[in-house]
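Undergrad: Pasting in a structure now, in structure tokens, and then I'll have a few things to ask.
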């Protein structure tokens, strides 16, 4: 895996984790009974964005390290995910002959 692939994988994992972490512990204005005029009751009362970003970075880094480790170790390859046998056999791709 190259550096670009690792960065793209990290960005994808980070944003996926971010969208999971966003609603955790969310307290709405309706829950707290203090609705600011002009806003919906479902608007967040307090939104600690800095804490959410720190949590996302911590969890995202751990998840990325596990995924990158699996990819780099070769435990799972693209051929393991080829359920419809669309890839040619590995020996045909190398271009070498046994003669």
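Undergrad: For residue 10, which of the numbered conditions (1) touching a strand residue (DSSP E or B) at 6+ places or on another chain (Cβ under 9 Å); (2) surrounded by 13 or more Cβ atoms within 10 Å (Cβ to Cβ); (3) assigned to a helix (DSSP H, G or I) fails to hold?
TA: Status for residue 10: all satisfied but (1).
Condition check ((1) assigned to a helix (DSSP H, G or I); (2) farther than 30 Å from residue 28 by Cβ; (3) in contact with a strand residue (DSSP E or B) (Cβ under 8 Å, 6 or more places away or on another chain); (4) at pLDDT 85 or above) across all residues:
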site	(1), (2), (3), (4)
42	no, no, yes, no
45	no, no, yes, no
53	yes, no, no, yes
60	yes, no, no, yes
68	yes, yes, no, yes
72	yes, yes, no, yes
92	yes, yes, no, no
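Undergrad: Hey, does segment 24-38 have a residue that's surrounded by 13 or more Cβ atoms within 10 Å (Cβ to Cβ), within 14 Å of the chain's Cα centre (by Cα) and in a helix (DSSP H, G or I)?
TA: Applying the first criterion (surrounded by 13 or more Cβ atoms within 10 Å (Cβ to Cβ)) to segment 24-38 yields 26, 28-30, 35.
Then keep just the ones that are within 14 Å of the chain's Cα centre (by Cα); that gives none.
Looking through segment 24-38, none of the residues is surrounded by 13 or more Cβ atoms within 10 Å (Cβ to Cβ), within 14 Å of the chain's Cα centre (by Cα) and in a helix (DSSP H, G or I).
The values are calculated or read from the model by the stated rules, or taken from the named source; none is laboratory data. This structure is a prediction, so every number in the text was calculated from the model and none was measured. Cβ sites come from the backbone with ideal geometry, for glycine too, and all protein chains shown count toward neighbours.
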